[in-house]
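Beneath this line is the structure, given in structure tokens, with notes to follow.
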Amino acid sequence: MIKSSILSILLLTLTASSLSADDSKIFHGDWQVSVAVIEGNEVPADFNKMIQLQMRGKQYSTSRMGEVVDEGTFALEEDSKPAKIEITGVKGENAGKKILGIYKLEGRDKLTICYSLEGKAYPEKFDGKEPGMVLITYSRKKVE
């Protein structure tokens with residue numbers, strides 16, 4: 001069974017000390033998980049619906065069923081190919097952890113992030129099938 005803290009790691013996905021003007025503006029907002037794959041296993045859609053990611057400035061917070069479970073910061077390196085993100089957990093399930101990932105934006109409403117649960121190196125490609133790898137695609141939450 002997939003541990004909620006692992007999903008929280010993959011969902012936290014973000015806050016920056018070197019935000020670029022373009023990507024940082026797109027990151028800003030509320031996101032929901034469309035698809036998540038952990039070590040080759042797709043996370044059930046019902047679970048994804050319980051997770052919300054909020055990004056403001058250089059900070060993120062992840063909520064599960066309305067309760068904040070993870071908070072931290074992120075830094076973007078958008079000039080890298082692929083673009084890189086470094087996530088630092090400050091409070092909650094990932095406090096003290098540094099997570100290295102890659103990301104891609106498709107328009108303003110679709111964000112894909114890939115990272116290793118070990119956090120020792122940036123992934124080389126967008127693939128959540130290998131051991132320790134997580135791949136999440138977020139959609140911007142629609143304003144109701």
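The values are calculated or read from the model by the stated rules, or taken from the named source; none is laboratory data. Since we're looking at a predicted model, the values are computed, not measured. Note that each Cβ is placed from the backbone with ideal geometry, even for glycine, and that neighbours are counted across all protein chains shown.
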Would you be able to tell me the number of residues in the stretch 1-37 that are surrounded by 21 or more Cβ atoms within 10 Å (Cβ to Cβ) and at pLDDT 95 or above? 3
Output the residue which, of all residues in the stretch 57-69 that are under 20 Å from SER24 (Cα atoms) and not polar (S, T, N, Q), is surrounded by the most Cβ atoms within 10 Å (Cβ to Cβ). TYR60
Out of LYS129, LYS142, I need the residue that is more than 15 Å from the chain's Cα centre (by Cα), in a loop (DSSP other than H, G, I, E, B), in contact (Cβ under 8 Å) with a residue 40 or more places away in the chain and surrounded by fewer than 13 Cβ atoms within 10 Å (Cβ to Cβ). Which one? LYS129
Consider LYS120 carefully, then state whether it is modelled with pLDDT under 95 and either within 16 Å of VAL33 (Cβ to Cβ) or not in a loop (DSSP other than H, G, I, E, B) (or both). no
